[in-house]
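This report concerns only the one structure given below.
The values are calculated or read from the model by the stated rules, or taken from the named source; none is laboratory data. Worth saying up front: this structure is predicted, and the values here are computed from it rather than measured. As a convention, Cβ positions derive from the backbone with ideal geometry for all residues, glycine included, and neighbour counts pool all protein chains shown.
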Amino acid sequence: MQNRREACGIIGLSEDASEQEIENRYFFLMKRYKYLEADERPSLDEPLFAAINEAYRFLIGYVPLQKVEFRELKWREKVQHIRDNYMMEIVYSLVLVLMIFAVGIGVSEVYMAFQAGAKDVGAYSPAEFPMAQHPGHK
């Protein structure tokens, strides 16, 4: 695809078509081609599916993703790449580690409370436990 005029001609629009018009026309053509059988071709004056796709991609400025060689990136580019692609995983991992740490501290505190309570058996008076003084309670 060399120019906008050619691309617009393939999908059947004028050169000054808006992005919305281009998308609407593309999806109209895709619906039209969707129901064609594998061996069926559009009429002779219509462009082929591949030409329509190429024209649409040219008009919307589609650029295929480029393979990134992480080893070849500079230090700042590596940090940016990690931040752009793995930020959610990093955040989830940090939250998980903090939750595990908090649970560990809680378990440690409970264990220490049990240890302190085991050493002071009988240190509490019945007045501290009103349910024990209830007449219906055994």
Give region 54-67 a look and list any residue that's surrounded by fewer than 16 Cβ atoms within 10 Å (Cβ to Cβ) and not in a loop (DSSP other than H, G, I, E, B), or say none.
Arg57, Ile60
Write out, first by first residue and then by second, each pair whose Cβ atoms fall under 7 Å of each other, whose residues are 6+ apart or on separate chains, and whose first residue, in region 10-23, is within 11 Å of Tyr56 (Cβ to Cβ) while the second is surrounded by fewer than 18 Cβ atoms within 10 Å (Cβ to Cβ) and acidic (Asp, Glu).
Leu13/Glu21
Could you pull out the residue among Glu46, Glu77, Glu23 that is surrounded by 13 or more Cβ atoms within 10 Å (Cβ to Cβ) and at pLDDT 85 or above?
Glu23
Taking first residues from region 55-66 that are at pLDDT below 80 and second residues anywhere that are outside any loop (DSSP other than H, G, I, E, B) and surrounded by 10 or more Cβ atoms within 10 Å (Cβ to Cβ), the pairs with Cβ under 9 Å that are 6 or more apart or on different chains are Tyr62/Tyr56; Val63/Arg57; Pro64/Arg57
Would you call Val103 modelled with pLDDT of 90 or more and part of a helix (DSSP H, G or I)?
yes
